[in-house]
Amino acid sequence: MSESFFRDAIRDDRETEIQVEIAVSSWGCAAQTYGPPESCDPGEPMEVEIVDAWLLADADKADAPRLTLTDAERERIELEFMENPPEPDYGDDSWSGW
């Protein structure tokens, strides 16, 4: 099961503002690099994929024309997302049972 997030970005022309929908299929896990070698684990990276993209000016339109990103744009935007992922949503944390 994947989660979707929306992120604003700039195309490689450094002028065109776009919005992308990014699906996260795995948040990855940290590496374990201590202990005996047989207990070490290299970990796993996040797995993300850009599902869709459109002009930021058209973000509020359901029928906005979709954009085709270059491979370089796609890789850069996905990397930026993984370097700065959204904060986790733990739901309602207003419980005050103490």
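The values are calculated or read from the model by the stated rules, or taken from the named source; none is laboratory data. The structure presented is a predicted model; accordingly, all values stated were derived computationally and were not measured. So basically every Cβ, Gly included, is an ideal-geometry build from the backbone, and we count neighbours across all protein chains shown.
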- Note on the structure: Over segment 15-26, the set of residues surrounded by fewer than 14 Cβ atoms within 10 Å (Cβ to Cβ) and either basic (Lys, Arg) or touching a residue at least 40 places away in the same chain (Cβ under 8 Å) (or both) is Glu17
- Single match in Asp8, Asp93, Asp12, Asp60 (criterion: exposed (fewer than 15 other Cβ atoms within 10 Å of the Cβ) and either of a type in the set (Val, Ile, Thr) or modelled with pLDDT under 90 (or both)): Asp93
- Message: So, in segment 21-58, how many residues would count as being under 17 Å from Met1 (Cβ atoms), in contact with a helix residue (DSSP H, G or I) (Cβ under 8 Å, 6 or more places away or on another chain) and among the hydrophobic types (A, V, I, L, M, F, W, C)?
- Response: 3
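Table: residues versus (1) within 22 Å of Glu83 (Cβ to Cβ); (2) in contact (Cβ under 8 Å) with a residue 12 or more places away in the chain; (3) more than 20 Å from the chain's Cα centre (by Cα).
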{"residue": "Ile10", "(1), (2), (3)": "yes, no, no"}
{"residue": "Ala30", "(1), (2), (3)": "yes, yes, no"}
{"residue": "Glu44", "(1), (2), (3)": "yes, yes, no"}
{"residue": "Ile50", "(1), (2), (3)": "yes, yes, no"}
{"residue": "Pro65", "(1), (2), (3)": "no, no, yes"}
{"residue": "Leu69", "(1), (2), (3)": "yes, yes, no"}
{"residue": "Glu73", "(1), (2), (3)": "yes, yes, no"}
